[in-house]
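Data first, discussion second: the structure below is written as structure tokens.
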Amino acid sequence: MPFTSIPTAIPEIVVFEPKVFGDARGFFFESFNARDFRQLTGLDVDFVQDNHSKSARGVLRGLHYQIQHAQGKLVRVVQGEVFDVAVDLRRSSPTFGRWVGQTLSADNHRQMWIPPGFAHGFVVLSETAEFLYKTTDYWFPEHERSLLWNDPEIGIAWPIDFAPQLAAKDAAAKPLSAADLFD
């Protein structure tokens, strides 16, 4: 199998580490394989959209989710390094309000699966980073929500010692206590 999985504190969040074949010419790895994804997660998902962003050091994007048409996301970094975070927003979940974070980079080639029902975001740790992700549903701006990145009730330990650059919608995000949630 070209992937191994790394367990996280929230069992539904899966970190994948691909087997990378490298030599003096460069490297090769499978960035996605539906059969292996299904075997490692137990899920048979259809990805319908790929997104690509480029951000400068200190940019924090998120924590985003769609309250309707919830998206599962398979995320990775192809240039640079980010700290990637998922927060469980499912009220009925035993891990409700908890978060998982993982460093994703072009060097480690790791990917993280974030299922529907979670808020997602990342902060750029390198000079720039290019971030790619597959989604299981389309973007519906009317259903998009932002969860406050520094909500003390959640307590995300962002590995930064600076004030991040935020979009207006993220600066105005709601704390967990006022957020729209999943059942």
query: Considering only strands (runs of 3 or more DSSP E) fully contained in region 110-183, which possess at least 3 residues that are touching a strand residue (DSSP E or B) at 6+ places or on another chain (Cβ under 7 Å) and closer than 14 Å to I67 by Cβ?
result: 118-124, 144-146
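Does region 98-112 hold any residues that are within 25 Å of P175 (Cα to Cα) and surrounded by 18 or more Cβ atoms within 10 Å (Cβ to Cβ), and which are they?
The answer is W99, V100, G101, Q102, M112.
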field: Filtered residue count, region 39-66, keeping only those that are surrounded by fewer than 13 Cβ atoms within 10 Å (Cβ to Cβ) and of a type in the set (A, V, I, L, M, F, W, C)
entry: 2
message: Whether any residue in region 15-33 is in contact with a helix residue (DSSP H, G or I) (Cβ under 8 Å, 6 or more places away or on another chain), aliphatic (A, V, I, L, M) and more than 19 Å from V123 (Cβ to Cβ) is what I want to check.
response: no
query: Does region 73-83 hold any residues that are surrounded by 22 or more Cβ atoms within 10 Å (Cβ to Cβ) and either of a type in the set (G, A, S) or over 21 Å from F182 (Cα atoms) (or both), and which are they?
result: V75, R76, V77, V82
task: Determine whether I160 is surrounded by 15 or more Cβ atoms within 10 Å (Cβ to Cβ), closer than 22 Å to S53 by Cα and out of contact with any Ser or Thr (no Cβ under 9 Å at 6 or more places or on another chain).
output: no
- prompt: So which residues in region 131-153 are hydrophobic (A, V, I, L, M, F, W, C) and crowded, with 20+ Cβ neighbours inside 10 Å?
  reply: F131, L147, L148, W149
task: Go through region 123-154 residue by residue and tally those that are in contact with a Leu (Cβ under 7 Å, 6 or more places away or on another chain) and either modelled with pLDDT under 95 or not polar (S, T, N, Q) (or both).
output: 8
- request: For F16, indicate whether it is surrounded by 13 or more Cβ atoms within 10 Å (Cβ to Cβ) and assigned to a strand (DSSP E or B).
  value: yes
query: Taking strands (runs of 3 or more DSSP E) that do not extend beyond region 20-71, which have at least 2 residues that are in contact (Cβ under 8 Å) with a residue 12 or more places away in the chain and of a type in the set (A, V, I, L, M, F, W, C)?
result: 60-66
query: Taking E81 and the conditions (1) acidic (D, E); (2) more than 14 Å from the chain's Cα centre (by Cα); (3) more than 30 Å from E142 (Cβ to Cβ), which numbered condition does it fall short on, given that it satisfies the others?
result: (2)
- request: Give the number of residues within region 144-168 that are within 18 Å of the chain's Cα centre (by Cα) and either of a type in the set (K, R) or more than 23 Å from G58 (Cβ to Cβ) (or both).
  value: 1
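The values are calculated or read from the model by the stated rules, or taken from the named source; none is laboratory data. For clarity, every value in this text was computed on a predicted model and none was experimentally measured. Cβ atoms come from the backbone with ideal geometry, glycine included; neighbour counts cover every protein chain shown.
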